[in-house]
1. Exactly one of these conditions fails for Ala116: (1) part of a helix (DSSP H, G or I); (2) free of Cβ contacts under 8 Å to residues at least 60 places away in the same chain. Give me its number.
2. Scan region 88-95 and tell me whether some residue there is without any contact (Cβ under 8 Å) to a residue 60 or more places away in the chain and touching a Leu at 6+ places or on another chain (Cβ under 6 Å).
3. Working carefully through the options Gly82, Gly109, find the one that is in a helix (DSSP H, G or I), surrounded by 11 or more Cβ atoms within 10 Å (Cβ to Cβ), touching a strand residue (DSSP E or B) at 6+ places or on another chain (Cβ under 9 Å) and in the same structural domain as Asp39 (by TED's automatic domain parsing).
4. Does Gln32 satisfy the criteria of being within 19 Å of Arg15 (Cα to Cα), in a helix (DSSP H, G or I) and within 23 Å of the chain's Cα centre (by Cα)?
5. Residue by residue through region 112-126, note down the ones that are farther than 22 Å from Gly19 by Cα and surrounded by 11 or more Cβ atoms within 10 Å (Cβ to Cβ).
6. So is Gln51 over 20 Å from Val17 (Cα atoms) and outside any helix (DSSP H, G or I) or not?
7. Asn104 passes all but one of (1) among the polar types (S, T, N, Q); (2) in a helix (DSSP H, G or I); (3) touching a residue at least 24 places away in the same chain (Cβ under 8 Å); which number fails?
8. Could you tell me which numbered condition Ile94 fails, if it satisfies all but one of (1) surrounded by 11 or more Cβ atoms within 10 Å (Cβ to Cβ); (2) in a helix (DSSP H, G or I); (3) modelled with pLDDT of 90 or more?
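The values are calculated or read from the model by the stated rules, or taken from the named source; none is laboratory data. Only a predicted model underlies this, so the values are computations on that prediction, with no experimental measurement involved. Ideal geometry is used to build each Cβ from the backbone, glycine not excepted, and the neighbour counts take in all protein chains shown.
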Amino acid sequence: MPKINSFDLSMPQSRTVRGYEIKRMPLGAFLQAVKMVEDFPPQMLEKVFPQMSLPEILLTMKSGDAGIRRQAFLRALMTVPGHAVTLITQLTMIPEDELKGDANIGLDGLAEIADAWYEVNRIESFFACALGLYQKLRAQTASTTTTGSST
């Protein structure tokens, strides 16, 4: 049985932001969202540089043509925000069309929703625990390497 401390009990299980309830996310849904983030760079490159291979993209960006770079920047500007909204709707499980159509949201509301998701899902706590585990493993590896034993 998981250990529950007073900090866990004081954390909200959900939070309402601009009429939307932001709940704790199941692990499986989080893993799906992570996959979406992993897929984003190649998807963005396809949209910013349609019908070009990665080497062609790199050569294009290395060229001194400011017009080409400006076009790429503008295409990226059109691609990234939509992807961010899609990611936030997947993380919060708010239907995307509902969120996009809500006049009360705007950019500030979207940021409030993302912040609430971060808080309710205890992302800061996750990273603190992960960092602690990493440091322990790193210390153990360093100890094993310097002593030559694995006790």
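1. For Ala116, the failing item is (2).
2. Just the residues of region 88-95 that are without any contact (Cβ under 8 Å) to a residue 60 or more places away in the chain, to begin with: 88-89, 95.
In the following step, the residues that additionally are touching a Leu at 6+ places or on another chain (Cβ under 6 Å) were identified as 89.
Among the residues of region 88-95, at least one is without any contact (Cβ under 8 Å) to a residue 60 or more places away in the chain and touching a Leu at 6+ places or on another chain (Cβ under 6 Å), which makes the answer yes.
3. On the way: Gly82 fails: touching a strand residue (DSSP E or B) at 6+ places or on another chain (Cβ under 9 Å).
When all the criteria are applied, what remains is Gly109.
4. Details: within 19 Å of Arg15 (Cα to Cα): no; in a helix (DSSP H, G or I): yes; within 23 Å of the chain's Cα centre (by Cα): yes.
So Gln32 fails the test.
5. Quick first cut of region 112-126, residues farther than 22 Å from Gly19 by Cα only: 123-126.
If the condition is that a residue be farther than 22 Å from Gly19 by Cα and surrounded by 11 or more Cβ atoms within 10 Å (Cβ to Cβ), then Ile123, Ser125, Phe126 are the ones that fit.
6. Values: over 20 Å from Val17 (Cα atoms): yes; outside any helix (DSSP H, G or I): yes.
So Gln51 fits the description; yes.
7. Of the numbered conditions (1) among the polar types (S, T, N, Q); (2) in a helix (DSSP H, G or I); (3) touching a residue at least 24 places away in the same chain (Cβ under 8 Å), the odd one out for Asn104 is (2).
8. Condition not satisfied by Ile94: (2).
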